[in-house]
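Each remark here refers to the structure printed beneath this line.
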Amino acid sequence: MMIGALAVLNPVFKEQLLDTVRLIIAVLLVFGILGLVWYLLRQLKVSKVEPTLSVATRNYPSSGLSSHGDNFPPSFSSETFYPSTPENLAIQSLQPPTPDPHKLKWSVDVLQAIEWKRFELVTTEFLKITGYKAQETKIGADGGVDIRVTKSGNDTFHGIVQCKAWNTYKVGVKPVRELFGVMAAEKVATGMLITSGSFTSEAEEFAKGKMKLVSGASFVELIGKLPEEKQQRLLDIALEGDYRTPTCPQCDVKMTLRESKKGRNTGGQFWGCVRYPRCKQTLVYKPE
């Protein structure tokens, strides 16, 4: 009230007071504009920042088929080969388009070119072709099982398969032990761990008498024993559409190649889910 009275009685003081108010309003306005700009820039930056690199979990805990009971499948045998999906989904590479599938033949290179989900589809179809009833598990946490296998007319036969599309690292003993644990928990005698790559000697030693290990080279050899039309059918499944870009193990959609904006991997590329930030699933990316 005192300031108001002085402003009424003293015109000079009134003018000074108005100038002060105008200055305060101007400063607030400037700060408000700067705050708005900062907020917009922050939102733009956040939309580009990706989650820190992590490894997905589908298809990499363990897998296998046991040598007990029915030989699942009969011709599958332990061999060495190279893995190709991260510890739950291997390392994928961006490569140029491949020629018409009808001009290609099955090889380890073709097998290792396909992403982890396509590798599972090929494995499932192969099992069906060789006389088994094969059913993929749902996307997401699979409990260490990618494919469940039964036999027509044999209600007691139950096999489980774990797929590892790993090309950069060999499949070690840890996934093999994990699969064996799942087999024991589910009381399943027949198990198989199949990879597009190879296994370590420790993994092969542990698997003896417990499950089947199938390397990429062995898998291609088994495919090569099928009739030509069935080989082509598997090749068409493997190379249809976008078979290189990995699938998000949580959302079942194709991922996108992104660049890390912070942390020790700044500048590095990785596969991220297109539904980020709702899904923060990432996969390791390594160029050829």
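The values are calculated or read from the model by the stated rules, or taken from the named source; none is laboratory data. Source: prediction; values computed, not measured. Please note: Cβ atoms are built from the backbone with ideal geometry, for glycine as well, and neighbour counts cover all protein chains shown. The accessibility values were calculated without ligands, DNA or RNA, using every heavy atom of the protein model including side chains. Shrake-Rupley method; radii C 1.70, N 1.55, O 1.52, S 1.80 Å.
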**Request:** Tell me which residues, restricted to segment 162-173, are open to solvent by 10 Å² or more (accessible area, probe 1.4 Å) and part of a strand (DSSP E or B).
**Result:** TRP166
**Asked** Do we have any residue at all in segment 174-191 that's part of a helix (DSSP H, G or I), at pLDDT 95 or above, under 30 Å from GLN269 (Cβ atoms) and basic (Lys, Arg)?
**Response** yes
**Prompt:** Of the residues in segment 251-288, how many are in a loop (DSSP other than H, G, I, E, B), modelled with pLDDT of 85 or more and buried (at least 18 other Cβ atoms within 10 Å of the Cβ)?
**Reply:** 4
**Prompt:** Quick one: would you say GLY197 is outside any helix (DSSP H, G or I) and on the phi > 0 side of the Ramachandran plot?
**Reply:** no
**Item:** Tabulated pairs, segment 17-33, first open to solvent by less than 70 Å² (accessible area, probe 1.4 Å), second at pLDDT below 80, C-beta under 6 angstrom, 6+ apart or interchain
**Value:** LEU17/ALA7
**Request:** State yes or no: is GLY268 more than 16 Å from the chain's Cα centre (by Cα) and more than 19 Å from GLU120 (Cα to Cα)?
**Result:** yes
**Request:** Could you figure out which of (1) surrounded by fewer than 16 Cβ atoms within 10 Å (Cβ to Cβ); (2) without any contact (Cβ under 8 Å) to a residue 40 or more places away in the chain; (3) among the charged types (D, E, K, R) isn't true of ARG148?
**Result:** (1)
**Item:** Subset of segment 231-250 that is open to solvent by 30 Å² or more (accessible area, probe 1.4 Å) and not in a helix (DSSP H, G or I) - its residue that is modelled with the lowest pLDDT
**Value:** GLN250
